[in-house]
Every structure is written in C-alpha cells, then in structure tokens.
C-alpha cells in the first residue's frame, strides 16, 4: 500500500501541473513554455502519452461549471459502483471523443480501488474533498506499481488521465474557493490561478477581484459594493434626468449599435438587456470624453454583463435569458458592476479609442514586427500578395478578438487577460494575436490576396472550445517569453 | 464555349454609420438580408462578380468601411486606388446625406481622378412605406429630391434601393460596372503580358 506521504506527492504533482506555487516549486512559466512547445498535433493524437495528458489537464480548468464537475464525478462513481462497461453520460462522450472506451477502463481501474469510501456528492461535497482525492491518488499509485510489473494498456493510462482530470478539476475549484474566502484575498495568488482559467461559478467574483473592483479585504467589500452601485445609479439619474442636456450624437451612435450587439445570442435581443447596455455605454462615454463611445466598446461590455448575470441564473442558461426574470435589484447590481468593470478594463486601453486610435496602430505594428520573427515566410507571402496587417488585424485589436471567436472562448481569454492586469494585458494580446495568426499559417501561405483577406476576417472558429483557445494562449505565452526582449528594441 | 473575360476593379463603400452599407453588400453578394447585423469594425472585404455580357464579367474587390466618425482616418487606405465608390446614405436621414456629401468632397480631392462615384440612397422600403401611410401628405417625405439634385449637380451616378427587399440592388452594381474602364483594363493587361514575353520571363501557362 502506498503511504500517506506518497499520496501527498501525487497531489503535489497536480499542483505542479497547474503551475502554481506547488510542492515541487516549478514556476508556472516553465510549465507553460513546455506546454507551448508541444505541437498541437501531438497533443491532439489520442495515443495517450504522459505529456499530452498533462496538456489536457492544463486545459480543463474552466470548461465546466461547479454542478457539471459534480455530475462528472458522480458519473465516475456510478461506473465504479455498477461496474458497467459503457459511457455514462452524453457529456462525457462529447468531451472525450478521442479516448473511446475509457469509461470501461475507468471501471476496471475503479475495481482496484473498491475500498474507497462513498461520499455524498450532493451534500456539502467539499468537506469530503480529501477523501475523494486520496483514494484516487491511491489508484494512481497502484497503476504505477502495475507499470513496474507489466506494461499498462494504453487505455489504462487514458483512464488514469481521466481520473487525474477529475481530481484536478475538483482541486482547482477548491483552490479558488479557498483563495476567495480568505479574509484578505491574495490577489497575486488569484492571478496565478486565473491565468489558466476560472471555474465558471467563481468567475464573477474572481473577475471583480482581478480588476480591483472588489476590495481584497472581506470586511470592506459589502460597503464598497454598496457605495459603487449607488454612485452608478446617481450618475445615471444625473445623465439621463434631463434629456435636453444629453449628448445626442453619442446617444444616437449607442442607440443604433446596441441592437446589433451579439445578434446571434438571444440574451441581447431582449429589451431589458438593451436598456442596460445603453445606460452603461452612454455613462461610460460621457465620463470619458477623450474617446467617447467607439464601436467595439459595446462588444467589450458583453462578457461582463453576461458573466455577472450567471450569479443568478447559472452559466448554461444565461445566453437565452430574458434579464427581466431577475429581480430589479439583481439586474441593477449586474448593470452597475458591469459598468465599473468595463471602466477598469478600458482604463488600460484608452489609447485604442481616442482620436486616430494610436493604441491600435501601435499594436498592429507590433504584431507585424512580431510575426516577422515568428514566421518570416508568411510575412514574405503577405508582402507579395499586398496584404496589409491593418486590413485584417485592426478589428482583432479593437475588439480583443471577440469578433473572431465564440463567446465562451472570448470569456476564457478574459480569464487570462484580467489575470495579467489592466495595464499589461494589451501587451499580451499582441502575442495572442500572433499565435492566432500562426495557427492558420499553413493554409495562409497558399492563398492569394482575396482568399487571404476573406479567410482572416472570418477564420473558421465556430466550433472552437476553451481547449482551442487555451492552446493559443499557451503558444502566446511562449512567444512572449522568447521574443519579449527583442520586441523592446 | 470559352470562359468569360474577367476585368477586375476595386470598389469602396463609404457612408454614415447604420445607413446599410454592409446590408447592401450582403444582399448583393448573397441575396439575403439580416436585421441587426453587427457593426463593421475597421473594414470588411469581399469579392463579387457582375456579368455584363455573356463573355464579359466585371469582378469587384469590395472594401466595406466602418461608418463611425472615429474610423474616418482609416478610409484613405481603402479608397486609395479605388476605381469606384458607393457613397451610401439613408433616404430618411438628412444627416446621412450631409455626411455623404462630405465623403464625395473628400474623394474628389484625395482619391484617383478617374474614380466613379455613385450616390446610393438605401432604405427605399421604409420611404415607400411612409409614403403609403400618408398618401395625401403635402409635406416632404424623405430626402430623395435633395439627393437627386445634388447628384446631378456633382455629376454622380444616383440610385435608390433597399437592401431589405433587394429592390434595385443589382442595378447599382451593374450601373457602376458599366462605367468601369474595361478596355483600358484589358489593354494594360495585354501590355503587361507583352512586357513579360519581351523579357522572356513569362514561364506561366497561356490563359487561353
């Protein structure tokens, strides 16, 4: 039997995987660099090597809601109890298309582990957290001792990866919960955790902390929130109270843009959503006259609005929600919090929206410079086809890639950006754009001008999930580590 | 039957925000209309053919620019070297016509001398609907008359159309296509080819 100490080592390896200040003390940077170095192909192959399975673990952070994690664990438990050799849920099938039959092996593995105590998943699940993890870590140790005796089936390794993934998910949520419930939230720790994705249920609070909207000291929070929300509604009253004094051209631009914001998501078709967005955007614009409202800022507001709504309806339902189903107070809170968080976000990138948009021009130039280092062949091809970076990447900068990827991916990008901090994320964004462009490089080098531009203004990301975007983020991190110094010159 | 000859030209759309530039293009290129299309950021590109004769096609490379004033600084990049410009306005909005006029003035100064400019009034369906609702109204509905006389004065092509119903959309692009310097296009192509042959650098296969 493996000792308790051994179990702890196994747990530490999870921490190591997530690149936090884990037991082995391996810095996150080294880990991400390693991940980034693995080619996309090798991690997509279903052949379960240890490294790719690590890369899968790194990407599971934010994919599922709290409830989903629990149901996934519950599924695993059911397999174990019944020992049935079949998939246990459609969700599981979807998530693991490549590792067919792994549930069967999960069941087999679980048999090694029959002594693990059953715990009630519905009731106070995290109090029994240790007992979930440790028996599974035991199974993992058993499987490694099997390895010593005979070569394990590849599918056994897949099962192990599956179990590790579940453990990681639970472990991750627990870490966030611990961090968030501390009397004084350690923002640096929260940043480190958030870089690789925030669990959806904890996203609203985490984002508010990362943006410095929510005070880190627990006792100050309620007071500050109440003050900020009141301040917002007083301002609204002030700006909208007298229609005659409104900035009509600004209001006109906002009023025509709000109905065409995220038209593919039902949430944005409801009148109450539109009224909230109008108020937020108008107030922000009159309070920031140097830029005023610029098209695209409407896009940037929506991840906040949508994410903060999930506090009341859950992640899955939010995109179809008519916010009128919330109480007035709840909706007011969502609106005020969204306003303040949008303000915090835009504070770091105001240059993007003032006259002549110098911030965006700078970023586009930086992207071009960076791409000459990343892929000079592609740049040469762009030159020969007369493709200019401004023609396709202006929007990437103006809307932070929100127009290029599905909303779930945009939100996942924001976990990382907000963890970088409002002043630093726009620098990192250029590296993300480079990774995004490089992702299609093989196709692009064979295209002519027209096809190139058409492709780049609507890249095929419709089916992208968080895992796809996490590969881009990891790649971006690698570019940043490699090219940061030379980009400064 | 031989493949049609293709003459390619660059066309740019300019005009105030939300007058329907992108919708006009969507109708032209794909024959559909969507309420509440996302605003254009920077500019959007597409290529679309207009068949003028059985064996002659005009291919437009089209840049659809963003309408908001803040993006104005980007426009020269897109109208530079353009052979044609559609300056779009909303038939019910005086401001949008004023904005269109300022675009025309800018094009006259900054764009190529030979550029063909069409003034295009969109949302004809709304105008017609308003007219139908008040048939006896003595007051002026819409700004057609102002726009028409301005276009005549300034020597612009003039069209009224509806991206929503599709009315007159084809006519806009066909009308502009007919004004394109097609003969010059082909003769300059020939010159280029001749030049290439003279240099002995033409290794590519014959197109005929």
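Listed values, structure above:
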{"read-out": "Residue in region B:78-93 that is facing chain A (nearest Cβ under 9 Å), within 16 Å of the chain's Cα centre (by Cα) and farther than 21 Å from residue B:160 by Cβ present", "value": "yes"}
{"read-out": "The one condition in (1) farther than 25 Å from residue B:92 by Cα; (2) in a loop (DSSP other than H, G, I, E, B); (3) facing chain A (nearest Cβ under 8 Å) that residue B:3 fails to fulfil", "value": "(3)"}
{"read-out": "Of all residues making up region A:419-461, the number that are assigned to a loop (DSSP other than H, G, I, E, B) and over 18 Å from the mean Cα position of the chain (by Cα)", "value": "9"}
{"read-out": "Qualifying residues in region B:17-39 (those that are in contact with a strand residue (DSSP E or B) (Cβ under 7 Å, 6 or more places away or on another chain) and crowded, with 22+ Cβ neighbours inside 10 Å) - the one farthest from the other protein chains (Cβ to nearest Cβ)", "value": "B:24"}
{"read-out": "Count of residues meeting criterion [within 11 Å of chain A (Cβ to nearest Cβ) and closer than 22 Å to residue B:165 by Cβ] in region B:40-59", "value": "3"}
{"read-out": "Selection count, region A:251-270, where residues are more than 24 Å from residue A:204 (Cβ to Cβ) and either away from chain B (no Cβ under 13 Å) or over 25 Å from the mean Cα position of the chain (by Cα) (or both)", "value": "8"}
{"read-out": "Residue list for region A:271-283, restricted to those being closer than 17 Å to residue A:306 by Cβ and either surrounded by 20 or more Cβ atoms within 10 Å (Cβ to Cβ) or more than 13 Å from chain B (Cβ to nearest Cβ) (or both)", "value": "A:271, A:272, A:273, A:275, A:276, A:277, A:278, A:279, A:280, A:281"}
{"read-out": "Matching residues in region A:353-406 - criterion: being more than 20 Å from residue A:453 (Cβ to Cβ), surrounded by fewer than 20 Cβ atoms within 10 Å (Cβ to Cβ) and within 13 Å of another protein chain (Cβ to nearest Cβ)", "value": "A:354, A:355, A:356, A:358, A:359"}
{"read-out": "Options B:48, B:94; residue that is touching a helix residue (DSSP H, G or I) at 6+ places or on another chain (Cβ under 6 Å), surrounded by fewer than 16 Cβ atoms within 10 Å (Cβ to Cβ) and at pLDDT 95 or above", "value": "B:48"}
{"read-out": "Conditions (1) crowded, with 21+ Cβ neighbours inside 10 Å; (2) within 14 Å of chain B (Cβ to nearest Cβ); number of the one not met by residue A:418", "value": "(2)"}
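The values are calculated or read from the model by the stated rules, or taken from the named source; none is laboratory data. Bear in mind the structure is a predicted one, so any value in this text is a computation, not a measurement. Neighbour counts are summed over all protein chains in view; Cβ atoms, including those assigned to glycine, are modelled from backbone coordinates with ideal geometry.
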